[in-house]
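Written out below as structure tokens is the structure these notes cover.
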Amino acid sequence: MTRPSHIEAPAIRVRGLCVGFGEKIILDNLDLDLRRGEVMGFVGGSGTGKSVLTRAILGLVRPRDGLIEVFGEDLSTLPREQYRAMERRWGVLFQHGALFSGLNVLQNIQVPMREYLNLSQSLMDELAMLKIRMVGLPPDAAEKYPSQLSGGMIKRAALARALALDPEIVFLDEPTSGLDPIGAAEFDQLISTLQKTLGLTVFMVTHDLDSLYSVCDRVAALADRKVVAEGTMEDILRSPHPWVRSYFHGERGRRREAAQRAGEHS
Amino acid sequence: MQTAPAFTSERQAEALQLTLTGAWTIEASAALESAAQALLAEGQGARAVIFDLNSIERIDTAGAWLIDRSRDALNRSGIDARYGAARPEFALLLEEAQFRPVTTSKQKPQNLFVSILADVGETMVGAGRSMWSGVAFLGEVIASIIRAFTHPARFRGTSVVAHVETFAFRGLPIIALINFLVGCIVAQQSIFQLQKFGAATFAVDLIGILTLRELAVLLTSIMVAGRSGSAITAELGSMKMREEIDALRVMGLDPIDVLVVPRIIALLISLPLLTFMADMSAIFGGLLVAWTYGGISPDVFFSRLQDAIGMNTFLVGMIKAPFMALVIGMIAAMEGLATQGSAESLGRQVTSSVVKSIFMVIVVDGVFAMFFAAIRY
Ligand SMILES: Nc1ncnc2c1ncn2[C@@H]1O[C@H](COP(=O)(O)OP(=O)(O)OP(=O)(O)O)[C@@H](O)[C@H]1O
Ligand SMILES: [Mg+2]
């Protein structure tokens, strides 16, 4: 498959990635491209390795083989200083939030600010409160500790922390699971606003068909240990792969597709 | 590298025009903050201010927030500050990061005297509560142990055996080693001191009585408190943190039955066994040193030892072991189950479990010493 060549290196380029644990191979010879400024939705069945791929790109899981480039730089050969600079350019929302349990929400959001920047405490408080507002948390959540938050609030607080440094790429692992549909729609809205205004690149693992249709520029589907379909929603809908077909043309998929058509026609 | 955030000002007929340039992003950190301050200072005194954002290279939410904050501050001091025509994406961002006064709830400082009194009161109430809950917990555990004996089918034998393995079998090498070394040290010191009086052979009496009655059981209990007590607290605490205890409850399983009692029974079995092994290693250490350093041959050592100690000397140590086990197990389990949601709290509970159980082990040992002295055992 040939793609139009970009002058700028893609935000993320994965080639021939193999990841396994012990005997078990999770990802085998996987290729993936994430262009700058796009929102990519990443789908796949439970336990197929979406989180593992995210962790491999972030350098948290050592791949058996393959190349991973972020902004054109091979992470495995990057010197420590530059690696740290790279880490500053991404924000991550882990599937289970991974908030620091000993810090409250405000302090959690300020951790990366404190680490990388030289700001006054009052400005850090203000910016953290702004992030809290942006992700749709009530102001009184700032003082709460992770164990005092609801599941959806944990997701939002973790997103606020991921956005703390206004990163260039954000990795979101199932951001809208556990949110009510209204909250999920607001979340999609926020992502698309940030994409338009900041040129944010988003890698979003999701099962939410609404998010896929409304904010994702492109979608990639993971099955049989590799990316079996990649492209715009229309491309994906035309994919012949059986898992992709049952995902998007199953009961729920059909209903969503019909809704989309109705929306376009009206 | 990006250009630093800056601006130029130009006085026009009606208003002061501030043209922002450079990258107004959070990467500039302190420079961004001071640029916003300068923006505000520049605007003061003018009748009207127009922010021109079209020459900005890059902007993010932090930059937008700071610019909007300056605009808001100018507005509030009676200056008509607004934005000139901005690119649509900037307008969107300014909308998203719009300034709203932030109220962080800071508690007002209390009177020092009052807060000290309040602290003392809280500590006392806390101590009383923990005493009360300790007694209640002991009751629950004993009831659960009795249930285990009356309904042997529900007894978790496998779990007990597995815990005996980790507490006793895996702990044996280090506990034997420590007691061996202490036996050596006691022997060396007593021979050295008693030689001055020509009574070196009395060192054997000292080694026998001291290790069997006190040292072996005390050292073993302290080691078990540090090794197994902390493990119990950490296990139960992290299960509590991850709602695993709640999961057991809603399945109709009592965490005391499933988690606490098998561990306490395993400790009750392990500690006497370990104490016995500790006795043996300490005496062996004493024997080696007495032989090599004091010149007391093993034959002499054993005949003196038989004269010096009786069954009661040995039993005094062994009787204490199960009580120590109960104290350690109870404290470890209680501290573990008192863990709150944070990793910090887990660390605190483990520390306090080890400190409290070592303290209580020594207190219990002291009480027993008084008791045995009183009954002349
Ligand atoms: N540290 C690990 N050791 C062994 N196996 C692992 C490890 N981490 C993940 N796996 C396995 O890798 C596979 C993929 O896991 P992953 O968490 O990526 O799934 P996923 O696609 O994110 O699923 P979900 O949608 O449920 O989050 C699973 O079979 C899992 O058991
Ligand atoms: Mg996952």
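Looking at (1) surrounded by 23 or more Cβ atoms within 10 Å (Cβ to Cβ); (2) away from ligand 2 (no atom under 16 Å from the Cβ), find the lone condition where A:LEU172 falls short.
(2)
What's the number of the condition A:PRO63 fails, among (1) of a type outside the set (Phe, Trp, Tyr); (2) within 16 Å of ligand 1 (Cβ to nearest atom); (3) part of a helix (DSSP H, G or I)?
(3)
Specify which of the listed residues (A:ASP33, A:ASP65) is in contact with a strand residue (DSSP E or B) (Cβ under 9 Å, 6 or more places away or on another chain) and either within 14 Å of chain B (Cβ to nearest Cβ) or buried (at least 16 other Cβ atoms within 10 Å of the Cβ) (or both).
Numbers: A:ASP65 fails: either within 14 Å of chain B (Cβ to nearest Cβ) or buried (at least 16 other Cβ atoms within 10 Å of the Cβ) (or both).
After ruling out the rest, the residue left standing is A:ASP33.
Please tell me if B:GLU14 is surrounded by fewer than 14 Cβ atoms within 10 Å (Cβ to Cβ), part of a strand (DSSP E or B) and more than 13 Å from chain A (Cβ to nearest Cβ). I'd like the intermediate steps shown before the answer.
On the way: surrounded by fewer than 14 Cβ atoms within 10 Å (Cβ to Cβ): yes; part of a strand (DSSP E or B): no; more than 13 Å from chain A (Cβ to nearest Cβ): yes.
Taking the combined requirement at face value, the residue does not satisfy it.
Which of the residues that make up the range A:91-114 are within 16 Å of ligand 1 (Cβ to nearest atom) and in a loop (DSSP other than H, G, I, E, B)? Write out each step before concluding.
We begin by selecting, within the range A:91-114, every residue within 16 Å of ligand 1 (Cβ to nearest atom); these are A:92-98.
Passing the criteria: A:GLN95, A:HIS96, A:ALA98.
For A:ASN108, are the conditions met, namely being away from ligand 2 (no atom under 16 Å from the Cβ), at pLDDT 90 or above and in contact with a helix residue (DSSP H, G or I) (Cβ under 7 Å, 6 or more places away or on another chain)?
Working: away from ligand 2 (no atom under 16 Å from the Cβ): yes; at pLDDT 90 or above: yes; in contact with a helix residue (DSSP H, G or I) (Cβ under 7 Å, 6 or more places away or on another chain): yes.
Answer is yes for this residue.
If I ask for residues that are within 16 Å of ligand 1 (Cβ to nearest atom), of a type outside the set (Asp, Glu) and in a strand (DSSP E or B), which ones from the range A:8-28 would you list?
Just the residues of the range A:8-28 that are within 16 Å of ligand 1 (Cβ to nearest atom), to begin with: A:14, A:17-28.
Now restrict to residues that are of a type outside the set (Asp, Glu): A:14, A:17-22, A:24-27.
Within the range A:8-28, A:VAL14, A:LEU17, A:CYS18, A:VAL19, A:GLY20, A:PHE21, A:LYS24, A:ILE25, A:ILE26, A:LEU27 qualify.
I'd like to verify a number: residues in the range A:45-77 that are on the phi < 0 side of the Ramachandran plot, within 12 Å of ligand 2 (Cβ to nearest atom) and under 16 Å from the mean Cα position of the chain (by Cα), how many? Full working, then the answer.
Here is the first cut: in the range A:45-77, the ones on the phi < 0 side of the Ramachandran plot are A:45-46, A:48, A:50-58, A:60-65, A:67-70, A:73-77.
Keeping just the survivors that are within 12 Å of ligand 2 (Cβ to nearest atom) gives A:45-46, A:48, A:50-55.
With under 16 Å from the mean Cα position of the chain (by Cα) added as a condition, the list becomes A:50-55.
So the count comes out to 6.
Without any contact (Cβ under 8 Å) to a residue 12 or more places away in the chain and more than 9 Å from chain B (Cβ to nearest Cβ), is that true of A:GLN121?
Details: without any contact (Cβ under 8 Å) to a residue 12 or more places away in the chain: yes; more than 9 Å from chain B (Cβ to nearest Cβ): yes.
Spelling it out, A:GLN121 is indeed without any contact (Cβ under 8 Å) to a residue 12 or more places away in the chain and more than 9 Å from chain B (Cβ to nearest Cβ).
Given the conditions (1) at pLDDT 85 or above; (2) crowded, with 21+ Cβ neighbours inside 10 Å, which single one is not true for A:LEU117?
Unmet for A:LEU117, out of (1) at pLDDT 85 or above; (2) crowded, with 21+ Cβ neighbours inside 10 Å: (1).
Scan the range A:82-118 residue by residue and report those that are basic (Lys, Arg) and facing another protein chain (nearest Cβ under 10 Å). Explain how you work it out, then say what you get.
The initial filter retains those residues of the range A:82-118 that are basic (Lys, Arg), namely A:84, A:88-89, A:114.
Hits for the range A:82-118 are A:ARG88, A:ARG89.
From the residues in the range A:45-55 that are without any contact (Cβ under 8 Å) to a residue 40 or more places away in the chain and in a helix (DSSP H, G or I), which one is farthest from ligand 1 (Cβ to nearest atom)? Break it down stepwise before answering.
Kept after step one, since they are without any contact (Cβ under 8 Å) to a residue 40 or more places away in the chain, are these residues of the range A:45-55: A:46-47, A:52, A:55.
With in a helix (DSSP H, G or I) added as a condition, the list becomes A:52, A:55.
On the way: A:VAL52: 4, A:ARG55: 8 Å.
Of everything passing the filter in the range A:45-55, A:ARG55 is farthest from ligand 1 (Cβ to nearest atom).
Of everything in the range B:231-253 that's under 8 Å from B:GLY336 (Cα atoms) and of a type in the set (A, V, I, L, M, F, W, C), which residue is surrounded by the fewest Cβ atoms within 10 Å (Cβ to Cβ)?
B:ALA234
Somewhere in the range A:140-162, is a residue hydrophobic (A, V, I, L, M, F, W, C), crowded, with 21+ Cβ neighbours inside 10 Å and within 10 Å of another protein chain (Cβ to nearest Cβ)?
Taking the range A:140-162 as the starting set, the residues that turn out to be hydrophobic (A, V, I, L, M, F, W, C) are A:141-142, A:149, A:153-154, A:157-160, A:162.
Narrowing the set further to residues that are crowded, with 21+ Cβ neighbours inside 10 Å leaves A:142, A:149, A:153, A:157-160, A:162.
Pick out the ones that are also within 10 Å of another protein chain (Cβ to nearest Cβ) and you get A:142, A:149.
For the range A:140-162, residues hydrophobic (A, V, I, L, M, F, W, C), crowded, with 21+ Cβ neighbours inside 10 Å and within 10 Å of another protein chain (Cβ to nearest Cβ): present.
Could you list, in sequence order, the residues of the range B:342-357 that are surrounded by fewer than 19 Cβ atoms within 10 Å (Cβ to Cβ) and either away from chain A (no Cβ under 14 Å) or over 13 Å from the mean Cα position of the chain (by Cα) (or both)?
Across the range B:342-357, the qualifying residues are B:THR351, B:SER352, B:VAL355.
Of the residues that make up the range A:180-191, is at least one away from ligand 1 (no atom under 16 Å from the Cβ), outside any helix (DSSP H, G or I), within 30 Å of A:ARG245 (Cβ to Cβ) and over 13 Å from the mean Cα position of the chain (by Cα)? Explain how you work it out, then say what you get.
The first filter runs over the range A:180-191 and keeps only residues away from ligand 1 (no atom under 16 Å from the Cβ), leaving A:180-191.
Next, only the ones that are outside any helix (DSSP H, G or I) stay: A:180.
Checking which are within 30 Å of A:ARG245 (Cβ to Cβ) leaves us with A:180.
Then keep just the ones that are over 13 Å from the mean Cα position of the chain (by Cα); that gives A:180.
Yes, that holds for at least one residue.
I need the helices (runs of 4 or more DSSP H) fully contained in the range B:64-164, keeping only those with at least 3 residues that are out of contact with any Ser or Thr (no Cβ under 6 Å at 6 or more places or on another chain) and loosely packed, with under 10 Cβ neighbours inside 10 Å. Can you show your working first?
Numbers: elements: B:88-96, B:112-150, B:157-164.
By residue number, B:112-150.
I'd like to know if the range A:223-245 contains one or more residues that are modelled with pLDDT of 85 or more and more than 25 Å from A:LEU27 (Cβ to Cβ).
Residues of the range A:223-245 that are modelled with pLDDT of 85 or more, as a first pass: A:223-245.
From what's left, more than 25 Å from A:LEU27 (Cβ to Cβ): A:234.
Yes, because at least one residue in the range A:223-245 is modelled with pLDDT of 85 or more and more than 25 Å from A:LEU27 (Cβ to Cβ).
Quick check, is A:PHE203 touching a residue at least 40 places away in the same chain (Cβ under 8 Å) and more than 14 Å from chain B (Cβ to nearest Cβ)? First the steps, then the outcome.
Numbers: touching a residue at least 40 places away in the same chain (Cβ under 8 Å): yes; more than 14 Å from chain B (Cβ to nearest Cβ): yes.
Criteria met by A:PHE203.
The values are calculated or read from the model by the stated rules, or taken from the named source; none is laboratory data. Computed from a predicted model, the values in this text were never measured in an experiment. With ideal geometry, Cβ positions are generated from the backbone for all residues, glycine too; neighbour counts draw on all protein chains shown.
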